[in-house]
1. Out of region 26-59, which residues are in a helix (DSSP H, G or I) and closer than 30 Å to Val197 by Cα?
2. Please enumerate the residues belonging to region 54-96 that are acidic (Asp, Glu), farther than 17 Å from Ser166 by Cβ and in contact with an Asp or Glu (Cβ under 9 Å, 6 or more places away or on another chain).
3. Which one is nearest to Ala193 (Cα to Cα) among residues in region 122-169 that are free of Cβ contacts under 8 Å to residues at least 60 places away in the same chain and hydroxyl-bearing (Ser, Thr, Tyr)?
4. Give the residue, chosen from Val104, Val113, that is in a helix (DSSP H, G or I) and not aromatic (Phe, Trp, Tyr).
5. All but one of (1) free of Cβ contacts under 8 Å to residues at least 40 places away in the same chain; (2) in a strand (DSSP E or B) hold for Ala88; state the number of the condition that does not hold.
6. Quick one: in region 10-44, of everything that is without any contact (Cβ under 8 Å) to a residue 60 or more places away in the chain and under 10 Å from the mean Cα position of the chain (by Cα), which residue is nearest to Arg135 (Cα to Cα)?
7. Please verify whether Glu60 is surrounded by fewer than 21 Cβ atoms within 10 Å (Cβ to Cβ), modelled with pLDDT of 95 or more, at negative phi and not hydrophobic (A, V, I, L, M, F, W, C), treating the condition exactly as stated.
8. Among the residues of region 114-150, write down those that are among the β-branched types (Val, Ile, Thr) and surrounded by 18 or more Cβ atoms within 10 Å (Cβ to Cβ).
Amino acid sequence: MSFTVAIDGPAAAGKGTISRAVADRFGFAHLDTGLLYRVVGRKMLDGVEPIAGAEGLTPEDLARDDLRTPEAAQAASKVAVIPEVRAALLDFQKAFARREGGAVLDGRDIGTVICPNAQVKLYVTASAEVRAERRFKELVGNGLVTDFETVLADVKARDARDADRSEAPMVAASDAVLIDTSDLTIDDAVAAALAAVTKAQAG
C-alpha cells in the first residue's frame, strides 16, 4: 500500500530535516527532489546541456559530494525553469511517490504538481532573514567564505525565481498544512509534521 507525504517550501525552511524525520518515524522512503535539480545544475556547470543532463540522470548521480554548494543551488534554480528539464524528471519523482511502503518527497512543487493526490501535504516556510541566517551558519560551518548579506540576497533571488517561474511555481497547495519554522525549535516543527501524518493515517 502506498502512502505519500508531499513537503514543499523555500530553501532553508527546514523541510529537509522534517522530511527525514517523518520518513524515519513512519518507515517511509525519502526523496529530496531538489537534489535532482542540483545534479542537473551541477552537470550544467560541468558543461553538460541541461536537458541532456536531466534525461541521463542516474541514481548514482544523487550521491555526488558537490551538490550542497551555493553554486549548485543557484544552478539548480536556473535549470528548474526549463520545461523540458522538469518533464524529464517528472516520471522519476512520480514513480518514487508510488512505491510500496510509503514515500516522503520534499521540494517546491510536490503537493501541487508531482503528487496532487498525496495523503498529506505540508508547506514548510520561514522568513527570508531566518532562512539566510541558517544557511549562512551552514556554509561557514562547512568552511566556505561568505557573508550574511550575500547569503540573504541569494535566498531572496532564489525565492523570486522559484515563485515566479511559469512552470510549476513554488506555491503552497490549497489543502497543505502550513508550518512556519521561523520561531519554532526543530523538535516543535517535526512534532507538527508528525501530528499531521498521524492524523491522516487515522482518518
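1. Phe26, Thr33, Gly34, Leu35, Leu36, Tyr37, Arg38, Val39, Pro59
2. Initial filter on region 54-96 (acidic (Asp, Glu)): 55, 60-61, 65-66, 71, 84, 91.
When the remaining residues are screened for being farther than 17 Å from Ser166 by Cβ, the result is 55, 60-61, 65-66, 71, 91.
Scanning region 54-96 gives a single hit, Glu55.
3. The extreme case among them is Ser127.
4. Numbers: Val104 fails: in a helix (DSSP H, G or I).
Going through Val104, Val113 in turn, the sole match is Val113.
5. The one condition Ala88 does not meet is (2).
6. In this case the residue turns out to be Leu35.
7. Spelling it out, it is not the case that Glu60 is surrounded by fewer than 21 Cβ atoms within 10 Å (Cβ to Cβ), modelled with pLDDT of 95 or more, at negative phi and not hydrophobic (A, V, I, L, M, F, W, C).
8. Within region 114-150, Ile114, Val120, Val124, Thr125, Val130 qualify.
The values are calculated or read from the model by the stated rules, or taken from the named source; none is laboratory data. Not measured: the values here are computed from a predicted model. Using ideal geometry, Cβ is built from the backbone for each residue, glycine included, and neighbour counts are taken over all protein chains shown.
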